[in-house]
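Engineer: Before we start, here is the structure in question, set down as structure tokens.
Computed from the coordinates by the stated procedures, all read-outs in this text should not be read as laboratory data. This is a predicted model, so every value here is computed, not measured. No Cβ is skipped: glycine too gets one built from the backbone with ideal geometry, and neighbour counts run over all protein chains shown.
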Amino acid sequence: MEPSARTRRLMRLASPLFFIQLLSSLCGPLQFDIAYPFSVDGVDRPDYCSVPGYLLSCTDGVKLVTTMNSSGGGLFQVTGVDYGNRLLTVVDEGLAEQTCPQPYRNATFDGTMFAYTDRDQFLTAYVNCSASSSSLPFALDFFSCLSGGRSYYTLDNGTVAPDLLGSCSSTLVLPFNSSMAGSLVAGNSTLGDVMRGGFAVRWKAGAGWCGDCRNSGGFCGYNSSSPTDHTCFCPDGTSIGSCSSDIISAVSGGILLSLLISMGVLYRKKFEGSVSWKWGYKHTPSIESFLQKHDAQQPKRYTYSEVKRMTKSFIHKLGEGGFGTVYKGNLPNGRDIAVKLLKNSKDDGQEFMNEVASIMQTSHVNVVTLLGYCLQGSKRALIYEYMTNGSLERFTFGKSSKGEKSLSWEKLFDITVGIARGLEYLHRGCNTRIVHFDIKPHNILLDQDFSPKISDFGLVKLCIKKEIISIDGARGTIGYIAPEVFLQQFGEVSSKSDVYSYGMMVPEMVGARKNANHTSEASSKYFPQWIYDHLEEYCVTAGETSVDTELVRKLIIVGFWCIQLQPNNRPSMTRVVEMLESSTDDLRIPPQILLC
């Protein structure tokens, strides 16, 4: 079964294979998925992701264009991409915006990279001719909207004798969508309508094998050392032609989940998109029944009036997320608090119960403390300890406030270790394990000493010890979601899914520190890929001292171990803590992950 375009797009975004450029990040609202064999001019991607010559460019910030090696020169605006059939739908750039499009060049190709399809038909245009219409054959139609000399066209591919036309400034052969021919002949469409409808070409790269690679769960690639190889990047490595039979079976069996996404840009410094998918509790009890059952463990319950009073009617907004808005307030004893006012939803209080049930069972210096809650009709609120320094997101990819000093390498390292210890605690609970499923900088809060605390437990899964985690839907934030969460052929969903999210966050933290010093040379390249290629160089230039250099190196190596594609190849959080606390000399650099 061919994966849907939406599923393929999510697969690329949420795993290390997501280094497929999305046009929405570069070129207006078109949102085309730019994959093999294409590359985008000015965007740095690994050479193995595209075939030389298949270059697309962004014009005026709103149009994707290509030359397609046209013999007439000029540009063609891309209006559609069909990877399943290897089709590109294009419109002659010179004709696309004109009310009365006047042909000015041939639109033919050399045939080495593209070919016309059976969807195309051709007309021959005779522009600015001297002969009068009375002397011309019936087969010719007049360009009625053009001024000056008379212009004509025929669907007979230039079979009209030249002497019947007198002298013409040009004779051009132009392709168009054959489905428009009947409407044109009947007079229901103008020549302008037909030209603006464009035509289709089929690219030749990947013919005969790329479809098999995609259908087997892989990504087509290019080997510059052996250009004729059918290079297929698979979850378990590089293959020729297609991925292994196990992966093909998984895909053809319909394992791919149906995912929903609204996306903006790819690079995390340009793209911040959360995807929330419903997480099913079978036979979900009512919230009140749930709270009565756990009454002995509950934090204090407040009325909605008390919450309003503590927040002074919600005047100090701290932030907003997918589940609600957070406000600053004070308890009656004067203690600062953060009040998370949940949005009204139709999930029977699922997110509310997730958060209360999980947080009631935790007590750790690196996990945020729930001080109370409110449940009154449709009003739901969670009351947490207030974190003076906000979220870690403020210190990633240059998001720090103006004039705010960047964190030192030592402080960033301590934060990374603290997050690891908090996750280790959640994963190794005495009676239950807690898998967070939404580890990202936004959900890491920093107290007055910059000690990190894991927050936002709305997507967690509570599991009996050693229980296999089963889920009814994928969840998390694009760019941090582990691939096995929505593609089963990558492995079982487990606490290793949090390890992956943690691993995606660590190189981002390292990149943020470097970016804050304005020394990054790879702003247009996916940072984990660049840093892997320049590990030694980066570690030396990033650290102000030899100690800093070792800290940077350790963070990078640990982060790359955590984002291995196969869950079994990732360390547990216990092992992550051990690695962070050990000597850098004891750490092996993991295998490079192909980013395409």
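Engineer: Per 0.36 nm of contour for each residue apart, how much would the distance between D193 and D47 grow if the chain were fully extended, relative to their Cα-Cα spacing? Numbers along the way, then the final one.
Structural biologist: Details: separation 146, 0.36 × 146 = 52.56 nm, distance 3.90 nm.
Gain on extension, D193 to D47, equals 48.7 nm.
Engineer: While we're here: How far apart, in nm, are the 7 Å Cα→Cβ label points at L587 and S572?
Structural biologist: Those two pseudo-labels are separated by 2.0 nm.
Engineer: If you don't mind, another one. Filter K440/K496; K440/K554; K308/K379; K340/K453 down to the pairs with a C-alpha to C-alpha distance above 18 Å, please. Provide the component values of the computation, followed by the final result.
Structural biologist: Numbers: K440/K496 15 Å; K440/K554 20 Å; K308/K379 11 Å; K340/K453 16 Å.
From the list (K440/K496; K440/K554; K308/K379; K340/K453), the Cα-Cα distance tops 18 Å for K440/K554.
Engineer: Residue separation times 0.36 nm, minus the C-alpha to C-alpha distance between A207 and R428: what's the value?
Structural biologist: On the way: separation 221, 0.36 × 221 = 79.56 nm, distance 4.98 nm.
Working it through step by step, the gained length comes to 74.6 nm.
Engineer: Using a Förster distance of 60 Å, how high is the FRET efficiency between K411 and D82, based on the Cβ-Cβ distance and rounded to 0.05?
Structural biologist: 0.75
Engineer: At a 10 Å Cβ-Cβ cut-off, how would you order K340, K317, K453, fewest neighbours first?
Structural biologist: Lowest count first: K317, K453, K340.
Engineer: In nm, what is the difference between 0.36 nm times the number of residues separating T545 and R335 and their Cα-Cα distance? Spell out each step's value before the answer.
Structural biologist: On the way: separation 210, 0.36 × 210 = 75.60 nm, distance 3.99 nm.
Full extension from T545 to R335 adds 71.6 nm.
Engineer: So if we plug the beta-carbon distance of A186 and D118 into 1/(1 + (r/R0)^6) with R0 = 30 Å, what FRET efficiency do we get, rounded to 0.05?
Structural biologist: 0.85
Engineer: Taking a label point 7 Å from the Cα of D447 along the Cα→Cβ vector, which residues of region 304-335 have an amide N closer than 12 Å to it?
Structural biologist: none
Engineer: Listing V417, V506 from the residue with the fewest other Cβ atoms within 10 Å to the one with the most, what is the order? Walk me through the intermediate numbers first.
Structural biologist: Numbers: V417 18, V506 25.
By the 10 Å Cβ count, ascending, the order reads V417, V506.
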